[in-house]
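Here is the structure we will look at.
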Amino acid sequence: MQQLLMGGVQVDAGSEQEVLDLYRGALRGEGGPLAIESANLDHLHWYPTGSHDRSVAGSAAGSVEGGLRWLTLMDGAPFVITAQRLTGVTYPRLTGAGLLEPQLRVAAEEGASVGFLGGMPDMHVRLREELGRRLPDLRIAGTWAPERADITSPEGAARWAETVREAGTDVVVVGLGKPRQEDWIRDHGVASGARALLAYGAAADFIAGTVQRAPQFYQDNHLEWAYRLSREPKRLARRYLLQGPPSLVRLVTHTRPRRRY
């Protein structure tokens, strides 16, 4: 994979197979716990210099913070387009929505247990049903729906990490929304005892069917944001119309290549 400094944030560019190989290695205990997050304009808004300290380079993937290795993958189309202009290489978008099911399949193959932190209880019921149909061999350690006030307090967030650890969770899919999911992983990922921590927003909701992903036309033409905005204008107008444009300017004007590893 190649590291790019994009908008001031270090991003890890590569293929889906490279990500799955690193993830499988983490499940086997290779290199310590691995945290995976998505880079898009919303990420750049919340973390203009990165969601964690990028001063220490990881030996196998990304960077290390507090015992975690991090991969920051190009989710947003502006990142992919900017990276292509910079390097001449066409990198794929690697979204949590696209990666989650393949990663759950790998977890089932490796005998790893998976927990889901975030989302609503009714979604969790449908998620268990759907995963039982698609991946009957997958071991589910637990599904947890913390209140926002609980997950944002240091004491409450620490208690949820202990809950995840006590359940013997190998992989925790953290769907708390930005910036809460990345903050929780950064501060409590090691304490959770998980080997892989996935900051994937609504990816589990897509599998459960409680949230509909944009049709393929929108995905293929970099218009997924427009579809989501049309479905949830009150919630997403600020993100896409006010916060997004300054982040896009920052992305275009503060991007340069780093190194390969």
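The values are calculated or read from the model by the stated rules, or taken from the named source; none is laboratory data. The shown structure was predicted, so the numbers you read here are calculated from the model rather than taken from an experiment. Note that each Cβ is placed from the backbone with ideal geometry, even for glycine, and that neighbours are counted across all protein chains shown. Side chains are part of the model used for accessible areas, which takes the heavy atoms of the whole protein and leaves out ligands, DNA and RNA. Shrake-Rupley method; radii C 1.70, N 1.55, O 1.52, S 1.80 Å.
Worth a mention:
- Across all Cα atoms of segment 151-257, the radius of gyration (one decimal) and Dmax (whole number) stand at 16.9, 45 Å.
- Computed accessible area, Arg28, all protein chains, 1.4 angstrom probe, square angstrom: 140
- In Å², nearest 10: area of His254 left accessible to a 1.4 Å probe: 100
- Positive-end extreme of charge dipole, segment 175-261 - chosen from Ser230, Gly193, Pro215 (charges on Cβ): Gly193
- Interchain or long-range residues, amide H under 5 Å from Ala141's placed H: Val114, Gly115
- Residue-averaged 222 nm ellipticity for the chain, from DSSP H runs of 4+ at -39500 (n - 2.57), nearest 500: -13500 deg cm²/dmol
- The overall shape of the chain, judged from the alpha-carbon gyration tensor, is rounded, with an a/c ratio under 1.5.
- Counted over the chain, the DSSP beta bridges are approximately 35% antiparallel.
- Protein-only accessible surface at a 1.4 angstrom probe places the residues Arg238, Arg165 in the order Arg238, Arg165, largest first.
- Proximal charge balance of Asp122 [Cβ under 12 Å; K/R count +1, D/E count -1]: 0
- Measuring nothing but how far apart in sequence close Cα pairs (under 8 Å, 6+ apart) lie, relative to its length, the chain scores a relative contact order of 27 percent.
- Taking all protein chains together and rolling a 1.4 Å probe, Met1 ends up with roughly 20 Å² accessible.
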